[in-house]
1. By how many nm would the segment from residue 83 to residue 148 lengthen if fully extended, with 0.36 nm per residue of separation less the alpha-carbon distance?
2. Using alpha-carbon positions, what is the distance between the centroids of segment 198-255 and segment 1-38, in Å?
3. Would you calculate a helix-derived [θ] at 222 nm for the chain, using -39,500 (n - 2.57) for each DSSP H run of n ≥ 4 and dividing by the full residue count, to the nearest 500?
4. Note the angle between two axes, namely the Cα long axis of helix 17-26 and the longest principal axis of the Cα atoms of the chain, as a number of degrees from 0 to 90, rounded to the nearest 10.
5. In what order do 62, 155 fall by count of nearby beta-carbon atoms within 10 Å, going from fewest to most?
6. Express in nm, to one decimal, how much length is gained between residue 172 and residue 227 on full extension, taking 0.36 nm for each residue of separation and deducting their alpha carbon distance.
7. For residue 116 and residue 188, what is the calculated FRET efficiency with R₀ set at 25 Å and r taken between the beta-carbons, to the nearest 0.05?
8. Sorting 70, 34 on the 10 Å Cβ count, fewest up front, what's the list?
């Protein structure tokens, strides 16, 4: 079902497994799904009706113990999706780093880039993952709100993470950037670019400050001649636990050209 030279036109449950799942769901009790697969499967009906889902992928010989510890609560899950999980076949390929469109989706305007029969958003965004706790991110800040594109940049970005749950948690915090004025730049830039991630262990009630360090290279990209360049303009720095755009905290920093002093 997965592996080298094992593409599938329909990434669905094989055989009669869908019938079995439908029959179990029809019985009425709460259902927890343990999904073994080598790729994301398009199963919106199953995700909507199940009370919980554990994506186990293809684990090794200790799979039984690992799954049991997660389901029993002995271990607080901390894994996050390394891919974007599609909602339907027509969304494939789907990924968080897509290029901007001239007609971004707008529910109030029919003539914009969107699907007529499903939402534009994927089933689960890159980085998605739940745990037996609640981690709150707040107070996003940067050591500078402006930098020169021709100078040496060493910018620190910090955010406070607090474990509001009753168990220790290990959140993964991602940092993305977005070139706000890419529409008038020399090369169109992705809507989100992953520039860093941090993992922290938080005891119940604990707060930690998570630090990211950005350099000039983090704001650079291959230009029209494929030479790395950094252009002046506004950049959005976004931090959160996944690529879900509306859940990300953001601030804006500005890149400017150095101004030379006039000759005496």
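1. 20.0 nm
2. Rounded to whole Å, the Cα centres lie 36 Å apart.
3. -2500 deg cm²/dmol
4. Between helix and principal axis, roughly 80 degrees.
5. Ascending Cβ contact count within 10 Å gives the list 62, 155.
6. My answer for the length gained is 16.6 nm.
7. 0.45
8. So the ranking, lowest neighbour count to highest, is 34, 70.
Values in this text are rule-based calculations from the coordinates and carry no lab data. Just so it is clear, the structure is predicted and the values come from calculations on it, not from any experiment. When we count neighbours, we look across all protein chains shown, and the Cβ atoms used for this are built from the backbone with ideal geometry, even at glycine.
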